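Trainee: Submitted below is the structure of interest, expressed as C-alpha cells.
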Amino acid sequence: MSGGSGQQVEPVIVIHGGAWAIPESLAEASVAGVKQAARAGHALLRQGGSAVDAVERAVTVLEDDPAFDAGTGSVLNAAGEVEMDAVVMDGGTLRAGGVACVSNIQHPVHLARLVMDKTDHALLVGKGANQFAGQMGVPTVAMETLVTETARAEWQRYMQYRETVQDLFSNRAGLSGCDTVGAVAVDVTGNVAFATSTGGITAKRPGRVGDSPIVGAGGYADSQVGAVSSTGHGEAIIRTCLAHRIITLMETGQSPDAASRTALDHMTRRVQGSGGVVVVSAGGEVGVNFTTQRMAWAWVKDGQVHSGLDAGQHDLEPL
C-alpha cells in the first residue's frame, strides 16, 4: 500500500452503525456494538496494522452483531431473501473491491476485500459474486442464520401493510431493521481506508443495490485527503455522490465536520434525502454528522473511546 504521509501519525478509527430512527429497544446494543468494533479495529492499528485491515476487522465485528443490518441481522427483500452489499477501499492506491446482492455469506466485507486484492475488478454482483466466493474458499452459511426474528417480523409487517422505504428513516411505521454499517481509519503511516456493509432495506425489490458498494457514494478513501463511510437513504446518497462530495470539499480546505455538514445539507435540499457519515482526514481529524433522528457511532483516538447516538450526545471513556 502507498499514499500515506510518510510520517508516523496517531492511528484513528471511526465507526457507524447506521443512520435511521433507532428505537430505544436497540439503542444500548447499537452503541455497545459500534464501540466494540472501534476497539477491535484500533487494536490492529496500535499493533502497526494497515487502515484496510482495521476497517475490514471493524466491519466484520458489526456483521457478526445481530443488532445491525449487515451479515447476521440482514433484512429480507420482497421475495423473502437476503441480498447483501459491501465495499472496501484503500486510499493509498485508490484500489477498491465491492460486492452486491450476495447471499449465504457471513462476512460480505471480507468477500469485498478479496475482490480488491485478488481480481482486476472493482465490483462483482449476484451469482457471479457468490461463484467468486466459492473459488476463494469463502464458506457459505444457511440464509436462516443471517436473519433475526425481528427482521422476519418486520418483513411480514411490511408485506402486510406495504409501508414505503421512507418509513425506515422517519419511523412512521415503527420499523426496527436498520441500515448500513461502516468504518474509516488512518494508520500509523498516514494511509486511510473505508469499508461499508449492509443487508439492504426491508422488502426492497430483488436486485436493488443501494449506495453501500458504490465507490463515491457509500464511501471513498484518498490518503491525500481522508476517508468517508456513508449511511442512510441509498438512492439519495447515490444521486448526490455523497462520499466523494465530502472528499472534494475537504480538498478545498474544509474540515471533516464542515464538509460532511455541507454535503448532507446539499443532499437534503436537492433530493430530500437523509443519512449520515463518519469521516477521518489523513491527519486524523474526525467528523461525525447525520440528518436522521439517530446514528450509532464511535471513534478511538488518543487512547479515548468517543461514542454517541443522538445529536449533541458524546460519551467518553478510556480505551
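The values are calculated or read from the model by the stated rules, or taken from the named source; none is laboratory data. Model, not experiment: these values are computed from the prediction. Virtual Cβ from ideal backbone geometry, glycine too; neighbours counted across all protein chains shown. Each accessible area value is taken on the protein alone, full model and side chains, heavy atoms only, with ligands, DNA and RNA left out. Shrake-Rupley method; radii C 1.70, N 1.55, O 1.52, S 1.80 Å.
Trainee: What are the principal axis extents of the Cα atoms in the range 195-319, in Å, biggest first?
Mentor: Principal extents (largest minus smallest coordinate, Cα): 44, 31, 25 Å.
Trainee: Hey, which lysines would be in cross-link range of K118, C-alpha to C-alpha under 19 Å, not counting anything within fewer than 8 residues on its own chain?
Mentor: K127
Trainee: Sticking with this structure for a sec: Could you tell me what percent of the accessible area of the range 48-106 is made up of carbon and sulfur, with a 1.4 Å probe and every protein chain present?
Mentor: In the range 48-106, the share of accessible area belonging to carbon and sulfur is 44 percent.
Trainee: Next question. Please turn the phi angles of the range 138-147 into ³J(HN,Hα) values with the Karplus equation 6.51 cos²θ - 1.76 cosθ + 1.60 (θ = phi - 60°), one per residue in order, whole Hz, x for glycine and proline.
Mentor: 6, x, 9, 10, 5, 4, 4, 6, 9, 10
Trainee: Still on this structure, I have one more. How much accessible area per residue does the range 210-319 have, counting only protein heavy atoms and a probe of 1.4 Å, in square angstrom?
Mentor: I get 37 Å² per residue for this part.
Trainee: Estimate the FRET efficiency between A79 and Q160 by the formula 1/(1 + (r/R0)^6), using the beta-carbon distance for r and 22 Å for R0, to the nearest 0.05.
Mentor: 0.90
Trainee: Where does the chain land on Rg(C-alpha)/(2.2 N^0.38 Å)?
Mentor: 0.89
Trainee: Which whole-Hz couplings ³J(HN,Hα) result when phi for each residue of the range 79-85 is put into the Karplus expression 6.51 cos²θ - 1.76 cosθ + 1.60, θ = phi - 60°, listed in order with x for Gly and Pro?
Mentor: Result, rounded to whole Hz: 8, x, 10, 8, 9, 10, 10.
Trainee: With each pseudo-label sitting 7 Å past Cα toward Cβ, what's the Q224-D265 distance in nm, one decimal?
Mentor: So the label points at Q224 and D265 sit 2.8 nm apart.
Trainee: Less than 17 Å apart at the alpha-carbon level, and either on another chain or at least 8 residues along: which aspartates and glutamates does that give for K204?
Mentor: Partners found: D69, E81, E83, D85, E154, E163, D167, D179, E235.
Trainee: Which longest uninterrupted range of the chain lacks any trypsin sites (Lys or Arg not before Pro) assigned by DSSP to a loop state (not H, G, I, E or B) and surrounded by at most 12 other Cβ atoms within 10 Å?
Mentor: Free of exposed loop sites, the longest segment is 1-161.
Trainee: Same structure again: Could you compute the net charge surrounding N104? Neighbours are other residues with a C-beta less than 12 Å from the C-beta of N104; K and R count +1, D and E count -1.
Mentor: Value of the local net charge: -2.
Trainee: Separate question: Step through the residues of the range 213-228 one at a time and calculate ³J(HN,Hα) from phi using the Karplus curve (6.51 cos²θ - 1.76 cosθ + 1.60, θ = phi - 60°), rounding each to whole Hz and writing x for Gly and Pro.
Mentor: Running phi through 6.51 cos²θ - 1.76 cosθ + 1.60 with θ = phi - 60° gives x, 9, 4, x, 10, x, x, 7, 9, 9, 5, 7, 10, x, 9, 9 Hz.
Trainee: Taking a ≥ b ≥ c as the square roots of the Cα gyration tensor eigenvalues, with a/c under 1.5 meaning rounded and otherwise prolate when a/b beats b/c, else oblate, which class fits the range 1-117?
Mentor: Oblate is the answer for the range 1-117, as a/c is 1.5 or above yet b/c matches or exceeds a/b.
Trainee: While we're here: Suppose each label sits 7 Å from its Cα in the direction of the beta carbon; what would the A32-H121 distance come out to in nanometres?
Mentor: 3.9
Trainee: So which lysines pass the test for K301, namely a Cα distance under 20 Å, with those fewer than 8 places away in the same chain ruled out?
Mentor: Those lysines meeting the cut-off are K35.
Trainee: Here is a follow-up. Scanning the chain for helices, which whole DSSP H stretches are 20 Å or more long along the axis (Cα) and average 0.0 or more by Kyte-Doolittle?
Mentor: Qualifying helices, which must be both long enough and hydrophobic enough, are 24-46.
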